[in-house]
Amino acid sequence: MSVGPRVLLVAGIVLAGCAREPEIILPDKEPPTAVFETSKGRFVIELDPVRAPETTDFFVRHLKAGFYNGLAFHRVIPQSIVQTGRMTAERLIRRTQAQPFESEADNGLRHRRGTVGLARAAGRPHSGNTQFFVNLVNNEALNHTGKTTDRGWGYTVFGRVIEGMSVVDAIGRVKTEESGSREFWPLDPIVIDTSYMMKIDPPPDSVATESGQ
């Protein structure tokens, strides 16, 4: 059955087209941490706003707005990554109207097991927004090596799992669809029940987001 798009107004995300200076966390302060309570358990991400300020700012404002609550892990590739930030368990796409930003993949952080990367579209290195993934293994092919090719750009690393990696591993072991447009989608959806910040509290803005097929 076709479901039309619906608009959800949330607080905490910058308006589309509005410039905003990212909140910078100085190195001598505690790094901000994000908690994800999922249907498989809890894991905690330590963010790196020093080396990935734009990515961290974007991520935190969406998380504070509740953007990730109710979303599912829609891409689970064994011995590689688990990815979320796009679809609900009902396979409805949730979108933000906030604009993409310049890739920070050249920040020197590498895709090691447990690190958190910003997903993006193939061929568009600066298209990252709400989707992110956790590396289940060292993924050297995702590292930044140069700015002349799409593969060279790689993917931005902006954090690492500091608690609950066993939960992430459990997500990475679930059975998934094996072919077609739903390849890598878990047969039993893994849902983010709630997510919240432990360390920082950026000022809220307002933006429209929409969910639909």
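The values are calculated or read from the model by the stated rules, or taken from the named source; none is laboratory data. Every value quoted in this text rests on a predicted model; they were computed, and no experiment measured them. A quick note on method: Cβ atoms are made from the backbone with ideal geometry, for glycine too, and the neighbour counts reach across all protein chains shown.
Restricting the search to the stretch 67-102, which residues are of a type in the set (Gly, Ala, Ser) and either at positive phi or in contact with a helix residue (DSSP H, G or I) (Cβ under 6 Å, 6 or more places away or on another chain) (or both)?
Result: Gly70, Gly85.
For (1) touching a strand residue (DSSP E or B) at 6+ places or on another chain (Cβ under 8 Å); (2) charged (D, E, K, R); (3) within 23 Å of Thr96 (Cβ to Cβ); (4) free of Cβ contacts under 8 Å to residues at least 60 places away in the same chain, each residue gets a yes or a no:
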residue: His126; (1), (2), (3), (4): no, no, yes, yes
residue: Asn135; (1), (2), (3), (4): yes, no, no, yes
residue: Asn139; (1), (2), (3), (4): yes, no, no, yes
residue: His144; (1), (2), (3), (4): no, no, no, yes
residue: Arg151; (1), (2), (3), (4): no, yes, no, yes
residue: Val157; (1), (2), (3), (4): yes, no, yes, no
residue: Gly164; (1), (2), (3), (4): yes, no, no, no
residue: Ser179; (1), (2), (3), (4): no, no, no, yes
residue: Trp185; (1), (2), (3), (4): yes, no, yes, no
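What is the residue count in the stretch 63-89 for residues that are under 18 Å from Ala141 (Cβ atoms) and among the polar types (S, T, N, Q)?
Count: 3.
Mind checking which residues of the stretch 110-150 are surrounded by fewer than 15 Cβ atoms within 10 Å (Cβ to Cβ) and of a type in the set (Val, Ile, Thr)?
Within the stretch 110-150, Val137, Thr145, Thr148, Thr149 qualify.
Looking at (1) modelled with pLDDT under 95; (2) surrounded by fewer than 23 Cβ atoms within 10 Å (Cβ to Cβ); (3) touching a His at 6+ places or on another chain (Cβ under 8 Å), which one does Ala98 not meet, given that it meets all the others?
Among (1) modelled with pLDDT under 95; (2) surrounded by fewer than 23 Cβ atoms within 10 Å (Cβ to Cβ); (3) touching a His at 6+ places or on another chain (Cβ under 8 Å), Ala98 violates only (2).
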